[in-house]
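Reading through the structure tokens given below for one structure.
No value in this document is a laboratory result; all are computed from the given coordinates. Predicted model, so just to flag it, every value in this text is computed and none were measured. Backbone-built Cβ (ideal geometry, glycine too); neighbour counts: all protein chains shown.
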Protein chains: 2
Amino acid sequence: ANNSGSNKHLTEFLDEMRSDQIREHLRKFTRLPHLAGTEQNLKYAEQIKKEWQEFGLDSVEMVPYDVLLSYPNKTQPNYISIVDHLGNEVFNTSLAEPVPEGYEGVSNIVPPYSAFSAKGQPEGDLVYVNYGRTEDFFQLEREMKINVTGKIVIVRYGKIFRGNKVGKALRSGHIHVVVFHVIYQRLSAIICRPHELNTDSGGAQRGNVLNLNGAGDPLTPGYPAKEYTYRFDLVEGVGLPKIPVHPIGFHDAIRLNMGGQIPPNSWKGALNVSYRIGPGFTDDFKSQKVRMNIHTNNQVTRIYNVIGRIRGSLEPDRYVILGGHRDAWVFGGIDPMSGAAVVHETVRSAGRLLSWRPRRTIIFASWDAEEFGLLGSTEWAEDNAKLLQERAVAYINADSAIEGMYTLRVDCTPSLHTLVYDITKQIASPEEGEEGVSLYESWHKRDNWTNDRNAPRISKLGSGSDFEAYFIRLGIASGRARYTKNKKTEKYSSYPVYHSVYETFEIVDKFYDASFKRLRAVAQVRGALIFHLACSELLPLDVMEYADSLRKYAQSIAQLAQRHQDEMETYMVSFDSLFSAGENFTVAAKGFHERLQTVNRLRVMNDQLMYLERAFIDPLGLPGRPFYRHVIFAPSSHNKYAGESFPGIYDALFDIENSADPEKSWDEVKRQISIAAFTVHAAAMTLTPPA
Amino acid sequence: ANNSGSNKHLTEFLDEMRSDQIREHLRKFTRLPHLAGTEQNLKYAEQIKKEWQEFGLDSVEMVPYDVLLSYPNKTQPNYISIVDHLGNEVFNTSLAEPVPEGYEGVSNIVPPYSAFSAKGQPEGDLVYVNYGRTEDFFQLEREMKINVTGKIVIVRYGKIFRGNKVGKALRSGHIHVVVFHVIYQRLSAIICRPHELNTDSGGAQRGNVLNLNGAGDPLTPGYPAKEYTYRFDLVEGVGLPKIPVHPIGFHDAIRLNMGGQIPPNSWKGALNVSYRIGPGFTDDFKSQKVRMNIHTNNQVTRIYNVIGRIRGSLEPDRYVILGGHRDAWVFGGIDPMSGAAVVHETVRSAGRLLSWRPRRTIIFASWDAEEFGLLGSTEWAEDNAKLLQERAVAYINADSAIEGMYTLRVDCTPSLHTLVYDITKQIASPEEGEEGVSLYESWHKRDNWTNDRNAPRISKLGSGSDFEAYFIRLGIASGRARYTKNKKTEKYSSYPVYHSVYETFEIVDKFYDASFKRLRAVAQVRGALIFHLACSELLPLDVMEYADSLRKYAQSIAQLAQRHQDEMETYMVSFDSLFSAGENFTVAAKGFHERLQTVNRLRVMNDQLMYLERAFIDPLGLPGRPFYRHVIFAPSSHNKYAGESFPGIYDALFDIENSADPEKSWDEVKRQISIAAFTVHAAAMTLTPPA
């Protein structure tokens, strides 16, 4: 009854969403490449603005920022060579991917590159460092006794964010390392000639190699990149790699005749090549070196967010946000337009319902330059931080709506768990042969949260998409939902054509979701989240779920520390304060939950619900990462994509194993436990009666 | 009509405040020394708690923290010696002040000392450095060609915070300087033998010499100092001086036979001695040196805040805070008990009125350990930051209520200007012969704000009292009011007996306010502020006043920069973005003000009013000062007591004059202008319609 907002209106809203419309939106916005900062991406922005206005939003505006982007030099292509002892280039990696059928005449396809790479033409021997994680570099240096200084490093994609691979390489090899970056993208080679799958496409993965840690535009950290905004010099910019980096596809990678030791099996990928570590090539090619030729330019470029609003009827100063990016590396068939098409359909459907109004204001956002470091969404968050901090109820992210054909995937803050379960019970499964089955059942059957509970799995929010500034910097309750692959059988990271030219309309239309029912189901999930958050009298946020999660996270981080039980005794490290804070939070949450039953001051209670997530923000940020401020959820420094719980403690524990001064390192663990305990206590206080 | 909350109730509340009651409260709480961390200060806390409960507050609690305090060693006293060439001490400064009449048997009077001084027994020649400001050290080194390295520096009190004098000395003299610290406290020597004023009391000024910049407890910056809280080691503590420091009275200072150059007149104080710069003594005493003997100990000590609450009837989750400290260096006759007595009377009067309730919650606070760096108030602010950020409407500070016998002094945020004028028109002047004259008229007559406007002067909030964490860190609208001296004729800093043993009940009762009418007037001002803020339907905060002030501040900081007009052209520095932000803010404020006339969503408008001050907070803090976060008001690094407007720009401009790299320094000016312009724009946005 509390979660009302009228079931009739919800049903109308969800029924209005149509598969054929989503298909049409996707078709329309994937005909041409629309990289951030290009004319075509501005054209799409203008079209979206116009259509959102036609759909009936109260206001739609274009919001520009001038941010640092990075493009290949049009006259000097990037590539990697093998050079002989005379310095002749005897082999060059490909300059572009073969274009998929039907797109042959298209211009402005940016070739695969590592955005924000430093320029340079370094030469050296190759060394293979597996995924390029901290532990991989340690293993290389300590067990395999290979020094990477002065070498060119080759790493495979996966496990951690590509920008972090570059960061680790820099730290490992000290100042003289030169790195480059190979995609061993397993199955990267689905070529989208209709219905055809093969593994030698020549595809490669574009992507930025920044280490931003949530800073947004590298030249204006903490402030929106407006015309009058002070900009740092490039050398002072946040997270810009100081070394050349370049991605290659496996068709080029197999041409590198790596020599040296055979690596352990855990370092071998699924490619049918003989994996070797180097340094350098096999004996036959010992005199050959590798040369990188990187001419990529950084330049301050105008980008455009599109921001649409439906004004709330009773609480116009409470905001529910649905945002996803529009910019794509090429066509963006999956990333991001499968998501943008879903947002577009949500706006269309919402517009048809404006005879009544939501209680709270809904904000729709089409972000720009996500691929260059979440820039559009972060600049807007910086621009509006003061409003968002006081007024934002929730942020729902809308990046790619599909990355597989198996089932639903949801990552969200614990207080949204219950709402996600409730709404998926009201939405139909999009799978063939599951007529009359709810999305919840379909999902539950395929991905049960076995270890924790008998319900569909919901994961923690990590990083790598536009929710970051809203959730991890500002502490706004956030979530995301999409269709995904079967993790047990499909073990590659993301999806095979990720960030390649093969992400076209056709790959969705012919392969991932021919009926567009899966995308419709995702639209309904995202739409229903927005609807309930904007329309329910009482905010549908569940504090008890947060309490349960916090206790679990405390147990699990303490268990991680137990690996070092002796040292914990020596240095007197205890998690008791954190456990006790978790218990205290649970008591406060129960009390709050009980008072909800007899609620009479709706706005007071709703404010307590809204500000709960905010209470987990530490204004001082995580160590060395001032823009990652969420004490419970943030990417670990060592595992950028996955959201860790208690990331401060996690990182401190991670550093223990390689510490030269264990007392100091354990001291940092203790400090982080103390900060976490305080934060959980403080969050508990926000749930007690306000006076 | 908007500022209602019932005039009848206001009149009752103010009429209930009685001079004889204030006198009695002051008498009661000044009989014994009650330094922070001592048993007596805990006893007073318990008594205040008990009496507040009896007065009728809904709840009163003691809130303890364990913070770093600093006390002289009881068995090894601190003093300064003159030693002859054999190392014999031929003169020692006094170990204590002569005790005032009536207090002869009192124990636990802490002798004058510089709290948190490093220990040490350094020897060296004395050098006099005027007030010990940056510019004084520059003048000494550059014009007078005196190198302070290895010297003992003697500075006079005044102009800047004593902790900053120590900081400047450290920076100027590099690592080998040793400093000590003399009070040339003009008129420090009012001995409180009844009715008697003279200038050789033997008094000296206690005080801490920290450079905290708002951090609170030096060992737990950013977090409340609870039992489980991680503490830094002393060497990592924030703001702890690394050199010995000690205060002496002028009766000791005149025994130092300073030699060397005669300083310029601006370096001469009002003492009847021949001012010399040194280094060292006059020729007759050339072989003598000065030796400091400092044995002060830092120790983590429990302190206690007393927190009382009246629950708001309609908006219990909106807080109006009246807070002042209780701890005193000795008896605290003026500082702080004249203020604490006023709070006590406010609580008593408020308690009598609880047949009706204020609309919002009122919180009364008796802070501990203000004298040791605003510790009690800052730790509580850290403990409750998440609640305060969302819920605090205003903070009214209640330190010493009287520092002179002339007229009212008010420092507050611009949005409180109008309220201060309104209420002082309703309060009677306490001055003899001014029956029927309002406090406003009496005040206006004595201190007109000539340069700016025809109204009584209101100043910017600076630093040095407990409002700091609430205003400068958290961005809560704040103000303070007290009775003050005539600045034109009484040119000493603070007041003559400041921080000496002579701050007794008698000095107030016999000298400053025999009728206790002045303290009653201050109680009424503070009380009326609290009343209106807690009871008015519409919050009595004036956004137009903020707009006017911002435009003035922008003009005035730009004018300061005009001293360097040529360089501004060379480095292309412009204040246009700041002016334009000020205009934009004015437009938003006018629009908001107009909408107020037809207000229908009270809580929405009130939230906009409440959060306006919050919008001036930059979460990144001022450069190098993470806990000073208010972009409009904060102490300059160079002038700690005075609140500067646009402190970031001010400090950057200040550094221009001594910069080795002007381009870089002007870059910092530009960066600060950009931050200020952004912040004012963002604050303007908070005043526009919310959707």
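Points to keep in mind about this one:
- Net charge of neighbours whose Cβ lies under 13 Å from the Cβ of residue A:285, counting Lys and Arg as +1 and Asp and Glu as -1: 0
- Of the chymotrypsin sites (Phe, Trp or Tyr not before Pro) found in the range A:381-454, those in coil by DSSP whose Cβ has at most 16 other Cβ atoms within 10 Å are A:449.
- Database remark: amide H of residue B:537 closer than 5 angstrom to the amide H of B:4, B:5 (H placed geometrically; neighbours at sequence offset of 5 or more, or on other chains; Pro and chain starts carry no H).
- Prolate/oblate/rounded label for the range B:261-318 (Cα gyration tensor, a/c 1.5): oblate
- Radius of gyration, Dmax [the protein assembly as shown; alpha carbons; angstrom]: 34.1, 109
- Residues whose amide H falls under 5 Å from that of residue A:459, counting only those 5 or more places apart or on a different chain, are A:410, A:411, A:412, with hydrogens built in the peptide plane.
- Once the mean of 1/r is taken over each pair of separate Cα atoms and inverted, the range B:547-599 shows a Kirkwood hydrodynamic radius of 12.5 Å.
- For residues of A:308-314, the mean tally of beta carbons on other chains within 10 Å: 1
- Across the range A:546-691, Cα pairs under 8 Å and at least six residues apart give a relative contact order of 32 percent.
- Number of partner chain Cβ atoms within 10 Å, mean per residue of B:680-689: 3
- Per-residue ³J(HN,Hα) for the range A:82-90, Karplus 6.51 cos²θ - 1.76 cosθ + 1.60, θ = phi - 60°, Hz, x for Gly and Pro: 9, 10, 8, 5, 8, x, 7, 7, 8
- Ordering B:60, B:147, B:107 by Cα displacement along the dipole of the range B:1-160 toward the positive end leaves B:147 in first place; charges were set at the Cβ atoms of Lys, Arg (+1) and Asp, Glu (-1).
- The range A:379-439: GluC sites (Glu not before Pro) falling in loop per DSSP and having at most 14 other Cβ within 10 Å: A:432, A:434, A:435
- The other copies place their residue A:441 label points at 8.4 nm from this one, listed shortest first, where each point is 7 Å from Cα along Cα→Cβ.
- Cα shape, the range A:496-603, gyration tensor, a/c 1.5 rule: oblate
- Mean per-residue shielding of peptide A:25-36 is 0, counting Cβ atoms of other chains within 10 Å of each Cβ.
- Relative packing of A:149-161, B:277-289, A:307-319, which averages over residues the other C-beta atoms within 10 Å, highest first: A:149-161, A:307-319, B:277-289
- Kirkwood Rh (inverse of mean 1/r, distinct Cα pairs), the range A:440-561, angstrom: 17.6
- The other copies place their residue A:24 label points at 8.3 nm from this one, listed shortest first, where each point is 7 Å from Cα along Cα→Cβ.
- Using only side-chain charges placed at the Cβ, +1 for Lys and Arg and -1 for Asp and Glu, the dipole size of chain B relative to its Cα centre rounds to 340 debye.
- Volume of the Cα convex hull of the range A:284-363, divided per residue and given in Å³: 165
- Cα centroid separation - the range B:72-122 against the range A:519-574, whole Å: 57
- Per-residue Karplus couplings for the range A:382-395, computed as 6.51 cos²θ - 1.76 cosθ + 1.60 with θ equal to phi - 60°, are listed in order as 5, 5, 10, 3, 5, 5, 5, 4, 7, 10, 7, 7, 6, 10 Hz, Gly and Pro entered as x.
- Cα pair distances exceeding 22 angstrom across the range B:348-487, given as percent: 47
- Long pairs among A:165/A:268; A:28/A:50; A:159/A:488; A:159/A:517, criterion Cα-Cα beyond 19 Å: A:159/A:517
- Anisotropy class of the range A:455-505 from Cα gyration tensor, a/c 1.5 cut: oblate
- Hydrodynamic radius by Kirkwood, which averages 1/r over all alpha carbon pairs of the range B:198-324, in angstrom: 20.0
- Of the residues A:7, A:272, A:221, the one whose Cα sits farthest toward the positive end of the charge dipole of chain A, with +1 on the Cβ of Lys and Arg and -1 on the Cβ of Asp and Glu, is A:7.
- Hull volume in cubic angstrom per residue (convex hull over the Cα atoms of the range A:499-556): 154
- The charge dipole of the range A:554-673, taken about its Cα centre with unit charges on the Cβ atoms of Lys, Arg (+1), Asp and Glu (-1) only, comes to about 840 debye.
- Of the peptides B:615-623, A:539-547, A:618-626, the ranking by mean beta-carbon count within 10 Å, highest at the top, reads A:539-547, B:615-623, A:618-626.
- More than 20 angstrom apart: percent of Cα pairs within the range A:566-656: 53
- In this structure, the amide hydrogen of residue A:644, modeled 1.01 Å from its nitrogen in the peptide plane, lies closer than 5 angstrom to those of A:634, A:636, counting only residues at least 5 positions away or on a different chain.
- Dipole of the protein assembly as shown, positive direction: furthest Cα of A:475, B:573, B:38, with charges on the beta-carbon: A:475
- Position residue A:95, label points 7 Å along Cα→Cβ, spacing to each other copy in nm (shortest first, one decimal): 9.0
- Couplings 3J(HN,Hα) of the range A:561-577, computed from phi: 5, 4, 3, 10, 4, 4, 4, 4, 5, 3, 9, 6, 9, 10, 9, 4, 5 Hz, in residue order, whole Hz [Karplus 6.51 cos²θ - 1.76 cosθ + 1.60, θ = phi - 60°; x for Gly and Pro].
- Chain B - mean residue ellipticity at 222 nm from DSSP helices (-39,500 (n - 2.57) per run, n ≥ 4, rounded to 500): -10000 deg cm²/dmol
- Local charge for residue B:245 was computed over the other residues whose Cβ lies under 9 Å away, with Lys and Arg +1 and Asp and Glu -1, and equals +2.
- Around residue A:361: net Lys/Arg minus Asp/Glu count, Cβ-Cβ under 10 Å: +4
- Summing Cβ point charges (Lys, Arg +1; Asp, Glu -1) relative to the Cα centre of the range A:470-595 gives a dipole of roughly 660 debye.
- Exceeding the 19 Å Cα-Cα cut-off - candidates B:119/B:145; A:425/A:491; A:119/B:664; A:168/A:664; A:168/A:286; A:460/A:485: B:119/B:145; A:425/A:491; A:119/B:664; A:168/A:664; A:168/A:286
- The percentage of C-alpha pairs in chain A whose separation is greater than 36 Å is 40%.
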